[in-house]
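Encoded as structure tokens, the structure appears first; notes follow it.
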Amino acid sequence: MTQNGESTQRFWKNFHGPNIGYIEEQYELFKEDPEKVDPTIRELFQQYGAPQWIDQSDQTYVDIAAPTIDLKKVTSAMKLIDAIRRHGHLEADIYPVGKENSQAKLLKLDTYGLTDADLKEIDAKVLWEDAPVGVDNGYDVVNYLKEVYTGTISYEFDHVNSDEERQWLQENIEARTYTHDLSNEEKTQLLDRLAHVEGFENFLHKTFVGQKRFSIEGLEMLVPILDRIIKYASEDKIKDVMMGMAHRGRLSVLAHVLSKPVDLIFSEFQHSPDKGLVPSESSPGLSSGWTGDVSYHFGGTREVKSDDEVSTRVTMAHNPSHLEYVNPVVAGFTRAAQDNRSNKGYPDQDLNKAFSVLVHGDAAFIGEGIVAETLNLSGIPGYQIGGTIHVIANNLVGYTTDQEEGRSTRYASDLAKGFEIPVIHVNADDPVACVAAITLAYKYRKKFNKDFVIDLVGYRRYGHNEMDEPRATQPLLYKAIDEHPTVVEVYAERLLNDGVIDEQTLPSLQEKVESDLRAIYDSMKEADLPSAETLEMPIELGSDLDEIDTAIPFETLKSLHDGLLERPEGFNQFRRLSRVFKRREKMLDEGQKADWGAAEALAYASIVADGTPIRLTGQDSERGTFAHRHLVLYDEETNEKYCPIHGLEEAKASFDIRNSPLSEAGVLGFEYGYSVYSEDTLVIWEAQFGDFANVAQVIFDQFMSAARAKWGDKSNMVLLLPHGYEGQGPEHSSARLERFLQMAAENNWIVANVTSSAQFFHLLRRQAALGGTDQARPLVVMSPKSLLRNERVASEAKEFTDGKFEPLRQQPNLRVSKKNAKRLLLGSGKVMVDIEAAIDESDESFNWLRALRVEQLYPFPKKQLEHELKQLPNLEEIVWVQEEPKNMGSWNYVSEILREFLQDGQTLRYVGRPERSSPSVGDANIHRVVQEQIVREAINPSKGGNS
Ligand SMILES: Cc1ncc(C[n+]2csc(CCOP(=O)(O)OP(=O)(O)O)c2C)c(N)n1
């Protein structure tokens, strides 16, 4: 930025004698190419333009007033100032205990050949245009900036590439626009808040001896920091503040920030959380499932009223022990709260409706990959949420692991730099600095809608939990911590010295906190004491889904179908795709069939026409990994996008379809969070190949399968996991069906493997209908690959208009008399389509064979199977066929169930691959041979051995 006028003239007047010649030389070089000169000098020219003694029009020299200093000193001083700004954090006073920054060479005067006297000779404005009043010379500048950059707050923002943001940060930091001159009343309130936090932890420590609470002590300032965020959000009329955090300090945050009643927390310590301690009106909404969780995993909600009655809802997400996995879930909540889904097209996002705050552990933030995955979502259009405020609750230790063992970087926050996120390190023993830090973070988020990290540096008063002895592993650190006063003591001392409080203020405050807590504890009813009573699963989860009507009239179907094939005026559709869509045109005509792609599009179209929004994401999901979907089209000439579902006249809700970044856990966590928050949206996540979903296993295990039972969280989201043995090797065959079946219980989800496009249509529509109801639960679909283009799975129009989803389906083309049936062949998915083809190609009559497809594996269609079996009086055996190895797929799960159905003399037999450690062979030819053997054996009339 070039400055003009007086200040520029004043600046150049500082140079004289030989320096003038040198500057002129440098300026000539700079004019040729700015890169040719030293960066410090380059900055001078960029900031002050041409040296003022050069008349730019004819390059003649203008007489100047008497010069004062030499260039070398000025450039050295500038280098020093630049180093303070960039590297001040290296010697900042950010560690309350256990660690110390030493003087950094980069910040020493003699590194630059400077003395105090040299600096005093330079006019402050020469070095810093915006030097505040009272900062008169270079010496003052250095001291002022050292105070700013090396105090109890330090800053890292050099890695932020945007000039505008960097400049904003520098100006605000140096002008200290975010610091607070707290009134005496505010200071006392802050002390009061800290005393409550400390008193609460002390009370738990004494009352529930030896119980885990993951105390906040050493980082008590986390509570006032969160208070501030909520205050600012409420002043800005932000509707939702979404929070996620792990165990550390969670009980304190629940009690103080979420207003969870302390009697409820006490009762949880007594293992009796459901004893009629119903939250009062001002208390948070608390949810729980029937099996529950430990107290430091529960979340809650709280309503905050600002002066003019607009309320902000604060939500703390329930979270599992698995550190940091709640991050994408909270981001999903936030996006769902920001999106308006009531119109067709993409949802309208309002970044100021909600924002998120994540509290991290120092070891976990840098150690767990899910953090990086979530940070990567922060700027991507389909996932961005306008900036998350991250607070690293940095207590210097991860369980028993020292920092040097836990990371390769200087700071726990260093991961954030790769995402150009500004970072503040702040000493948790300086309450005023902590409040300033959060103010700057909030202002930045508000202005730029981007993430911000606060590294709140404190310590851990006890061991990892209160039963752990930290002196065994960190003896010196704990010697220092044992001798270190609490933040309440530190701050009270400060206020005492400043005359804000008197000697009695703190002791009487502490006494009051203790006696209030004691009174609550003493008044707890007998009935609040432990009992072994357990809760039951909600009855709605046990109810039948058969009744849900998913068919739609032919006129509606046809109109949607035609609408999907329309294109905006002038849209240049990719020519090769036009052929695909041309084929689709007739798919609903008499005697024709709709393939998978057409049926899927019709399902989505009909769901949004019913007014239910859809969000569909995954790697390459716009087109579909196997190029069957093409629900987002690109104009060949202009690259413009068009989604046919957005163009439908009938659409009454949004259809949000996105290609996701290359992440499974992060993206799935986000989608799961979205679906929990927005219960009536049908959220669908698609894995590229089913087994890549492995990488999201934590989200399956800790959230999707168990969240309802643990926390009462409901989701009806859909997983599409391509699955099928088609010779593509060990990693592209199996979606690890066995894992979903192993975790299936209490109707926690539906697991399906369907073999017709109409079945898929009805299944998706049924799932959409579950949204927002107590019957909601996720749906896991083993989705097709080659079957996408197999005519055998295509369905006629009448199957969409008359039918519904059938959990147990007749094998087509087998018309056996039930009386003759000797074998009932059961199987699921693609292998049954292979068998259908083999039967068609065979001359055999198969009048002894009855075959059924289990299209919904969980809940298993027992009622339907029982009904079938009753009609097979001469049955000798039930054969389960599968393409997965015996220790994988469905066998271990179905064999238990099928045994229940065996009558005297009947046997149960397995046909499929033997037990294997790897899901599939790598060689496509070997695969083909084995697959054919399985098919042959399944329909071979001779009986095999028993299972
Ligand atoms: C994914 C995962 N790995 C390991 C653990 C076990 N664990 C719980 S807390 C913890 C240390 C965490 O350290 P830090 O992130 O610094 O948080 P702190 O407990 O110190 O607040 C570990 C290893 C876990 N809960 N989750």
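When E738, E746 are checked against the criterion of being part of a loop (DSSP other than H, G, I, E, B), open to solvent by 10 Å² or more (accessible area, probe 1.4 Å) and among the charged types (D, E, K, R), a single residue qualifies: E746.
Listed here are the residues, each with its yes/no results for (1) touching a helix residue (DSSP H, G or I) at 6+ places or on another chain (Cβ under 9 Å); (2) within 21 Å of S757 (Cα to Cα); (3) assigned to a loop (DSSP other than H, G, I, E, B).
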{"site": "V608", "(1), (2), (3)": "no, yes, no"}
{"site": "L616", "(1), (2), (3)": "yes, yes, no"}
{"site": "L631", "(1), (2), (3)": "yes, yes, yes"}
{"site": "N639", "(1), (2), (3)": "no, no, yes"}
{"site": "E649", "(1), (2), (3)": "yes, no, yes"}
{"site": "P661", "(1), (2), (3)": "yes, no, yes"}
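If only residues of the stretch 464-489 that are in a helix (DSSP H, G or I) and open to solvent by 50 Å² or more (accessible area, probe 1.4 Å) are counted, the one that is nearest to V435 (Cα to Cα) is E489. Entry remark, the stretch 347-403: residues being near the ligand (Cβ under 9 Å from one of its atoms), free of Cβ contacts under 8 Å to residues at least 60 places away in the same chain and in contact with an Asp or Glu (Cβ under 6 Å, 6 or more places away or on another chain) number 1 in total. Among the numbered conditions (1) within 16 Å of the ligand (Cβ to nearest atom); (2) of a type in the set (A, V, I, L, M, F, W, C); (3) modelled with pLDDT of 95 or more, tell me where I230 comes up short. Checking I230 against (1) within 16 Å of the ligand (Cβ to nearest atom); (2) of a type in the set (A, V, I, L, M, F, W, C); (3) modelled with pLDDT of 95 or more, the one that fails is (1). Set side by side, the residues A851, A938 differ, and just one is part of a helix (DSSP H, G or I) and among the hydrophobic types (A, V, I, L, M, F, W, C), which is A938. What are the residues in the stretch 643-658 that are surrounded by fewer than 16 Cβ atoms within 10 Å (Cβ to Cβ) and either touching a strand residue (DSSP E or B) at 6+ places or on another chain (Cβ under 9 Å) or of a type in the set (G, A, S) (or both), if any? None; the set is empty. Pairs linking a residue in the stretch 312-330 that is in contact (Cβ under 8 Å) with a residue 24 or more places away in the chain to a residue that is within 15 Å of the ligand (Cβ to nearest atom) and polar (S, T, N, Q), with Cβ atoms under 7 Å and 6 or more positions apart or on different chains, are P320/Q702; H322/Q702; Y325/Q702; V326/N319; N327/T374; P328/T374. Taking the stretch 899-928 as the range and being of a type outside the set (K, R) and open to solvent by 80 Å² or more (accessible area, probe 1.4 Å) as the test, the residues that pass are E900, Q903, D904, E915, S917, N925, I926. Considering only residues in the stretch 870-896 that are open to solvent by 30 Å² or more (accessible area, probe 1.4 Å) and touching a residue at least 12 places away in the same chain (Cβ under 8 Å), the one that is nearest to R823 (Cα to Cα) turns out to be E876. Scanning the stretch 404-416 for residues that are within 11 Å of the ligand (Cβ to nearest atom) and open to solvent by 20 Å² or more (accessible area, probe 1.4 Å) yields G406, R407. The residues on offer are M242, M221, and the sole one that is under 21 Å from L506 (Cα atoms) and buried (at least 19 other Cβ atoms within 10 Å of the Cβ) is M221.
Among the residues of the stretch 673-716 satisfying the criterion of being assigned to a helix (DSSP H, G or I) and among the basic types (K, R), which is farthest from the ligand (Cβ to nearest atom)? Applying the filter and picking the extreme gives R708. Checking the conditions here, which among R461, R445 is surrounded by 21 or more Cβ atoms within 10 Å (Cβ to Cβ) and assigned to a loop (DSSP other than H, G, I, E, B)? Result of the check over R461, R445: R461. Among residues of the stretch 75-110 being closer than 17 Å to V141 by Cα and among the β-branched types (V, I, T), the one that is farthest from the chain's Cα centre (by Cα) is T75.
Looking only at residues of the stretch 164-189 that are over 24 Å from K447 (Cα atoms) and charged (D, E, K, R), we find that the one that is surrounded by the fewest Cβ atoms within 10 Å (Cβ to Cβ) is E185. A residue that is at pLDDT 95 or above and within 33 Å of the chain's Cα centre (by Cα) cannot be found anywhere in the stretch 120-140.
Tallying residues that are more than 16 Å from the ligand (Cβ to nearest atom), open to solvent by 10 Å² or more (accessible area, probe 1.4 Å) and either at pLDDT 95 or above or aliphatic (A, V, I, L, M) (or both) within the stretch 245-263 yields 3. The residue that is farthest from the ligand (Cβ to nearest atom), among those in the stretch 314-341 that are in a loop (DSSP other than H, G, I, E, B) and in contact with a strand residue (DSSP E or B) (Cβ under 7 Å, 6 or more places away or on another chain), is A317. You will find that of K237, K231, the residue that is within 18 Å of V359 (Cβ to Cβ), open to solvent by 40 Å² or more (accessible area, probe 1.4 Å) and under 26 Å from the mean Cα position of the chain (by Cα) is K231 and no other. Every condition in (1) closer than 14 Å to V879 by Cβ; (2) touching a strand residue (DSSP E or B) at 6+ places or on another chain (Cβ under 9 Å) is met by F846 except one, and the failing one is (2). Tally the residues that are hydroxyl-bearing (S, T, Y) and touching a Gly at 6+ places or on another chain (Cβ under 7 Å), restricting the search to the stretch 787-812. Residues in the stretch 787-812 being hydroxyl-bearing (S, T, Y) and touching a Gly at 6+ places or on another chain (Cβ under 7 Å): 0 in total. Taken together, the residues in the stretch 314-346 that are open to solvent by 40 Å² or more (accessible area, probe 1.4 Å), touching an Asp or Glu at 6+ places or on another chain (Cβ under 6 Å) and under 27 Å from A696 (Cα atoms) amount to 2.
The values are calculated or read from the model by the stated rules, or taken from the named source; none is laboratory data. Just so you know, these numbers come straight off a predicted model, no measurement behind them. Cβ atoms come from the backbone with ideal geometry, glycine included; neighbour counts cover every protein chain shown. Please note that ligands, DNA and RNA were not included when accessible areas were found on the heavy atoms of the full protein model with its side chains. Shrake-Rupley method; radii C 1.70, N 1.55, O 1.52, S 1.80 Å.
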